[in-house]
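Below is one structure, written out as structure tokens, with a few remarks after it.
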Amino acid sequence: MAAGAPASGGGSDAICNFVICNDSSLRSQPIIFNPDFFVEKLRHEKPEVFTELVVSNITRLIDLPGAELAQLMGEEDPKLPGANSTASGFFRSLMSLKRKEKGVVFGSPLTEEGIAQVSQLIEYLHKNLRAEGLFRVPGNSIRQQILKDALNSGTDIDLDSGEFHSNDVATLLKMFLGELPEPLLTHKHFHAHLKIADLTLFDEKGNKTSTPDKERQIEALQLLFLILPAPNRSLLKLLLDLLYQTAKKQDKNKMSAHNLALMFAPHILWPRNVTANDLQENITKLNNGVTFMIKHSQKLFKAPVYIRECARLHYLGSRAHTSKDDLDLLTSSGSKELQPLKSQKRSRLDSCHQEETQQRTEEALKELFRHVHNMPDSAKKKKLIRQFNKHPTALTPGSDVPTSPAPRRTRSRSFSGLIKRKVLGTPVILERKSRDTTPEPVRVSKENVQLLQKCGSPAHMSQAKLKSLEGQKEESCRRMRARLLSKDSSSL
């Protein structure tokens, strides 16, 4: 059996998966495509770009002051509650003593090897979720120590042999999480999780209510989980899925999502080396936050739709937007997701077409201007240069060819010029029939002014009306010349 990886054709937005299979029993199996493929690709290949994309959307949802944002980005050390108390100093010294005897798994920073060992405990608990008081009732300390030593040494363990009880395994799992150098959700994310608990709905007047905004809370957690270290994210997904399945069987094990949150919040969210007094009013927020994670765990490890689209556009060479508001993707499933994407694609094509047309027009204008500038000196060349100088931004975009300023023309005061300005709406350059002759000044009579007022808007005048006006103008000129001739002859 041979399988092909996802591939993208040149200029095509389609991502194709193909499987060549010679085994007839496997041909009916569906082809699974990971919708977060480009998200994971961007995370591994360009972590700085990925982090900037995610954090910009986190700050859109929750208000993080400069210091807390710097802590989330890892630019400053996290400032945690109770960090300066004497109790925290005692706990730090106690934890340092414990870490001197750390093994490969317990007490060490989280690694893929450690997750592989602990995943055996999680798999076993998935098959034993009916035990009453699971994670609350402690197991046998001797059996737990045997199991802990086996995990640290990397020895294969047969948990189904009957030697260990489900309470032994559940207690050991909590012990492993409690001995990590920092909580599973990391110290950097502590303040962000406190802010997520404060996300509430607004009323019609725009005032905050006490009703949690679940959609924004889920979206914020999705984004925060995306920038967790890879080992933390992997183990968190396994753990929350286990707790979700445990809460579904609370009629047997008597462990609801809230009861489980009380057991695990100190291990996955509380800062290390702090007491309940240090957290004070934040304890309720933290416990409720873990409860929310357990209930909605099946949605929290999917990247938001707009993050998927940004990552996909980044690799397909298109212009990637950086926020949900830019893409206007408000739906999360089914055909509702496709409509905004189609409209975005059409708008991108339209903008590209407009840019291409504008670029071609500018290049053609530049070429025309160079051609006119290289023409031999003549009246025609001067006339064309005057046309360019009237619209320098439109006709010579980006031109670096120097041109001499054209002299300003005096406005024509002839009757013909008045008619044409009224009809055409723009001044018209009249060519002289002969350079030796000068235009005869014509006086504008009262009836001619009335004629101008009757012309109306040039947009509504027909060709026949224009000809009629020209005829009336010529007749007026003839009558005026006749009067002038008669006056000259009488004076003689």
Checklist entry - Can you name the number of the only condition in (1) part of a helix (DSSP H, G or I); (2) within 46 Å of the chain's Cα centre (by Cα) that I142 fails? => result (2)
Checklist outcome for this item: Scanning region 130-154 for residues that are farther than 17 Å from Q120 by Cβ, among the polar types (S, T, N, Q) and touching a helix residue (DSSP H, G or I) at 6+ places or on another chain (Cβ under 8 Å) gives N140
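For region 263-278, which residues satisfy the criterion of being touching a residue at least 40 places away in the same chain (Cβ under 8 Å) and not aromatic (F, W, Y)? Full working, then the answer.
Step one: filter region 263-278 for residues touching a residue at least 40 places away in the same chain (Cβ under 8 Å), giving 263-264, 266-275, 277-278.
Once the filter is applied, which keeps residues that are touching a residue at least 40 places away in the same chain (Cβ under 8 Å) and not aromatic (F, W, Y), region 263-278 yields M263, P266, H267, I268, L269, P271, R272, N273, V274, T275, N277, D278.
Of the residues that sit in region 174-184 and are under 38 Å from the mean Cα position of the chain (by Cα) and not acidic (D, E), which one is surrounded by the fewest Cβ atoms within 10 Å (Cβ to Cβ)? Walk me through it before giving the result.
Initially, region 174-184 is screened for residues under 38 Å from the mean Cα position of the chain (by Cα), giving 174, 176-184.
Those still in the list that are not acidic (D, E) too: 174, 176-178, 180-181, 183-184.
On the way: K174: 16, F176: 21, L177: 18, G178: 16, L180: 20, P181: 13, P183: 20, L184: 21.
The qualifying residue surrounded by the fewest Cβ atoms within 10 Å (Cβ to Cβ) is P181.
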Next on the checklist: Checking the structure you have, find out if any residue of region 98-118 is open to solvent by 60 Å² or more (accessible area, probe 1.4 Å), under 30 Å from Q280 (Cβ atoms), at pLDDT below 95 and among the aliphatic types (A, V, I, L, M).
Outcome noted: no
Next on the checklist: Take the residues in region 103-133 that are outside any helix (DSSP H, G or I), under 21 Å from L180 (Cβ atoms) and not hydroxyl-bearing (S, T, Y); name whichever of them is nearest to the chain's Cα centre (by Cα).
Outcome noted: L110
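Given the criteria touching a strand residue (DSSP E or B) at 6+ places or on another chain (Cβ under 6 Å), at negative phi and either in contact (Cβ under 8 Å) with a residue 24 or more places away in the chain or not aliphatic (A, V, I, L, M) (or both), does T155 qualify?
Working: touching a strand residue (DSSP E or B) at 6+ places or on another chain (Cβ under 6 Å): no; at negative phi: yes; either in contact (Cβ under 8 Å) with a residue 24 or more places away in the chain or not aliphatic (A, V, I, L, M) (or both): yes.
No.
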Checklist entry - Considering only region 58-97, how many residues are at pLDDT 80 or above, open to solvent by less than 30 Å² (accessible area, probe 1.4 Å) and part of a loop (DSSP other than H, G, I, E, B)? => result 2
Checklist outcome for this item: From the option list K342, K252, single residue qualifying as of a type in the set (D, E, K, R), part of a helix (DSSP H, G or I), more than 27 Å from L199 (Cβ to Cβ) and modelled with pLDDT under 90 is K342
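The values are calculated or read from the model by the stated rules, or taken from the named source; none is laboratory data. Worth saying up front: this structure is predicted, and the values here are computed from it rather than measured. Ideal geometry is used to build each Cβ from the backbone, glycine not excepted, and the neighbour counts take in all protein chains shown. Just so you know, the surface numbers come from the protein's heavy atoms only, side chains and all, with ligands and any DNA or RNA stripped out. Shrake-Rupley method; radii C 1.70, N 1.55, O 1.52, S 1.80 Å.
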